[in-house]
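To start, the structure under review is shown below, and the notes come after it.
The values are calculated or read from the model by the stated rules, or taken from the named source; none is laboratory data. Remember, it's a predicted structure, so these values are computed and weren't measured experimentally. Cβ placement follows ideal geometry from the backbone for every residue including glycine, while neighbour counts extend to all protein chains displayed. Side chains included, ligands, DNA and RNA excluded: accessible areas come from the protein's heavy atoms. Shrake-Rupley method; radii C 1.70, N 1.55, O 1.52, S 1.80 Å.
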Amino acid sequence: GLFYISREDVKTNEVKILSSNNYKNINLIENDKIFVPYKTYHRDNLQLGDENFLTKPIKLEGAVNNPGEYYLGENETLSELIIRAGGYKDNAYPFGGVLLNENALAIEKEYNERLYREAIKSLASVAISYSKNINVSNILPLLTEFKNIQSIGRVKAEFDIFKIELDPIKDTLLTPGDKIYIPYKKNIVHVFGEVLSPGSHSHKTGLTIKDYIDQSGGLNKSADKGSIIIVHANGEAERVRINRNLFGKQSPNVRPGSVIYITRDLNNANSIQFFATISPIVSSLAISLASLNTINNN
């Protein structure tokens, strides 16, 4: 069969591709990598000049039968990789699956840095205009927490193999260097932010956002009683307003792995421009906390 040998020069970090045509004259050394193309491959489409293709595997971790590093096949998708890895374990939670992508990571970092710079400029403007009415001590901790949060480059994807089979367009094309985390099913809901006792609680069907907040001691004095964010295990976020949703029948469904994030009250900064700047920061912070929580508890 057709195969290639990838060899990295430890001094120059250059990667050389050794052809299988002369395999009898090749003596393997430590750290050599051998690649055997699939039958569906076409020699012209191997793109041997693309270093990432042969040297950057997909990392698949968590509740799959054969976790580890996998080198991509031609146009391989997420569902195909999961199947190649033996499928999910019985206690897997595909709804909470996380796909991390290097390009998405770079974009997220740039976006977060821009949000932070704009928030600082907006805060300075508000401080000048409303110097007697603004409480900076309420705002700076939020900006500091956002600045210190780790960008991860999460990409929204469908991990339910059955749903993908019914609608193949939901499948995701993978790229070299992607990382995939499949969490184990844990019946836990996390409550972060401005509550008396942040932490994790057992998930029980039928409990509302208010129930989990009550289990956390209720909202503290610094909480924004007009807006709460729930981040579902798949990374999707919803903003919930107490006066309209939280106590009513329209309260979002709280599924296992959800993160309820109660934001700090910033009403002393009475500037529409500042609120428009700070709102995406709060949402990004909540989503990042939820994603990191999934990965770290994998």
Roll a 1.4 Å probe over the protein heavy atoms and report the accessible area of residue 255 in Å², nearest 10. 90 Å²
In order through segment 282-289: 3J(HN,Hα) via Karplus (6.51 cos²θ - 1.76 cosθ + 1.60), integer Hz, x for Gly, Pro: 4, 5, 5, 5, 4, 5, 5, 4
Whole-Hz ³J(HN,Hα) from phi, Karplus 6.51 cos²θ - 1.76 cosθ + 1.60, for segment 58-66, glycine and proline x: 7, 9, 10, 10, x, 7, 10, 6, 9
Can you order the peptides 75-82, 147-154 by their average number of other Cβ atoms within 10 Å per residue, highest first? 75-82, 147-154
Full extension between residue 114 and residue 83 adds, at 0.36 nm per residue less the Cα distance, a length in nm of 7.2 nm
Roughly how many percent of the accessible protein surface of segment 157-256 is carbon and sulfur, given a 1.4 Å probe and a whole-percent answer? 50 percent
Estimated distance in nm for a label pair at residue 124 and residue 188, the labels positioned 7 Å out from Cα along Cα-to-Cβ: 4.2 nm
Explain nothing, just compute: Karplus ³J(HN,Hα) = 6.51 cos²θ - 1.76 cosθ + 1.60, θ = phi - 60°, for every residue of segment 70-80 in order, whole Hz, x for Gly and Pro. 10, 8, 5, x, 5, 6, 6, 10, 4, 5, 5
